[in-house]
Amino acid sequence: MVPPAHIRVQAAGARLMYGLPRPLRRLVAGKPVRIDGQELALDAQLLLRLQQLSGAALVRGSVESSRAALDASRHLVSGPPIQPVLTREIGIPAHHGEIAATLYTPEEAPHDSGLLVFYHGGGWVVGSRRSHDNTARFLAKYAGVRVLSVEYRLAPEHPFPAAQEDALTAFDFAHEKAGDLGADPRRVAVGGDSAGGNLAAVTAQVATRRGGGVPAFQLLLYPGVDTTRRRRSRELFADGFFLTDDHMTWFIDHYAPEGVDRSDPTLSPLLADDLSGLPPAYIATAGFDPLRDEGEAYAARLADAGVPVALSRQSDLIHGYANFLGVGRRFREALAEAAGALKVGLSRPAAE
């Protein structure tokens, strides 16, 4: 799909801005931002400045306009499609009909490769396979695994636990049909960013506790894991760093409206009584992110429960960095680390 003319102009302007010499980029971005012993990366600060100048926002009025805005913004920050990666549309049978998904296969991927079941971010309300197309392509190419990106149901049309149910259904399908997808059923991981990280964490917990197929690995990028508490990072970075405190309230109120028990571990996986026996995990947080502290609290609880976990704070970045692959270099560097962790995590079959 060709983006509208004004989007193409803005994208060209962003590329031009990031191509300027560093002193000029610093001049546009402003003085360095330092909070909590961290300095914001120039690439991130410049992106926030461009967002401010354009009036763009993660949430724009209604649900419908917010979804449309996020879909359009991918043309500004995601970059051209990463190649060579093959794509195939997949239908996942579900009790409510069918869940759409896209299978990404890197060129020359061996048969019986690893497979990542990927859940996109967007607060369970916005986002789609389209908005995260290049993220999925990047992980497929640089981790050398297949990626199944899932179009789970969104709130408010489908509130909690619809997204979580679809996430589990997609993992079960991928595990059962791994051979048909060209993957090894012993090397099927779950992963996602933000709300998608929440769904991946919940899926790993539910699958482990019920018996049967279990993910071999968890790739959790700045996940939301506790909807019941306001931690220090939510206060420190409440406004001005892409994801805001108001956005978080807006998202959770749509996904888990009044009457939902927000302490339910299938909504707030950090609150599960027992985290032992879960698959190894890579958890990445962003230093300037309201979700930072809860993601790191989850990593600590996993470690305390004996789960192998690698925690990586990208201290100079903001929420959403996995989508900003077309501007600057720093965002790609951070996602490259995640791809490397995924490659190692799926390099050998999980223990039977």
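Mind running the shape call on the range 3-110? Use the C-alpha gyration tensor, a ≥ b ≥ c as the square roots of the eigenvalues: rounded below 1.5 for a/c, prolate if a/b tops b/c, oblate otherwise. The shape class here is prolate. Taking 16 Å as the straight-line reach from the Cα of K141, the lysines in range (excluding those fewer than 8 positions away in the same chain) are K343. Charge dipole of the chain (Cα centre as origin; +1 on each Lys and Arg Cβ, -1 on each Asp and Glu Cβ, all else neutral): 1400 debye, rounded to the nearest 20.
Between A336 and S62, the contour length at 0.36 nm per residue exceeds the alpha carbon distance by 95.2 nm. The calculated FRET efficiency for D239 paired with D112, based on their beta-carbon distance and R0 = 41 Å, is about 0.30. With the simple model of a label 7 Å out from the Cα in the direction of the Cβ, E258 to D180 spans 4.5 nm. Our helix-only sum for the chain, with -39,500 (n - 2.57) per DSSP H run of n ≥ 4 divided by its residues, gives a mean residue ellipticity at 222 nm of -12000 deg cm²/dmol. List the GluC sites (Glu not before Pro) in the range 240-338 that DSSP assigns to loop (not H, G, I, E or B) and whose Cβ has at most 12 other Cβ atoms within 10 Å. Which are they? Taking the range 240-338 and a limit of 12 other Cβ atoms within 10 Å, the loop GluC sites (Glu not before Pro) found are E258. Computed extension gain for R15 through D304, at 0.36 nm per residue and net of the alpha carbon distance, reaches 99.6 nm.
May I ask you to derive the FRET efficiency for S347 and A100 from their Cβ-Cβ distance with R0 = 25 Å, giving the value to the nearest 0.05? For R0 = 25 Å, the calculated efficiency reads 0.25.
Using a probe of 1.4 angstrom, how much of the accessible area of the range 84-127 is carbon and sulfur, in percent? That share works out to 51 percent.
Qualifying trypsin sites (Lys or Arg not before Pro) in the range 245-352, where qualification requires a DSSP coil assignment and no more than 16 other C-beta atoms within 10 Å, comprise R262, R329.
Projecting the Cα atoms of A170, V150, I318 onto the charge dipole of the range 82-346, computed from C-beta unit charges around the Cα centre, puts I318 farthest toward the positive end.
Other residues within the sphere of radius under 12 Å centred on the Cβ of A163, judged by their own Cβ, net out at -3 (K and R +1, D and E -1). You can think of it this way: the chain between R231 and Q83 has 49.3 nm of extra reach, that is 0.36 nm per residue less the Cα-Cα gap. The candidates E89, E108, arranged from most to least accessible area with a 1.4 Å probe in the full protein assembly, appear as E108, E89. Beta-bridge orientation, the chain: approximately 40 percent antiparallel, per DSSP, counting only bridges with both partners inside.
The values are calculated or read from the model by the stated rules, or taken from the named source; none is laboratory data. Just so you know, these numbers come straight off a predicted model, no measurement behind them. Note that we place each Cβ from the backbone using ideal geometry, even for glycine, and neighbour counts take in every protein chain shown. Keep in mind that these areas ignore ligands, DNA and RNA; they rest on the heavy atoms of the full protein, side chains included. Shrake-Rupley method; radii C 1.70, N 1.55, O 1.52, S 1.80 Å.
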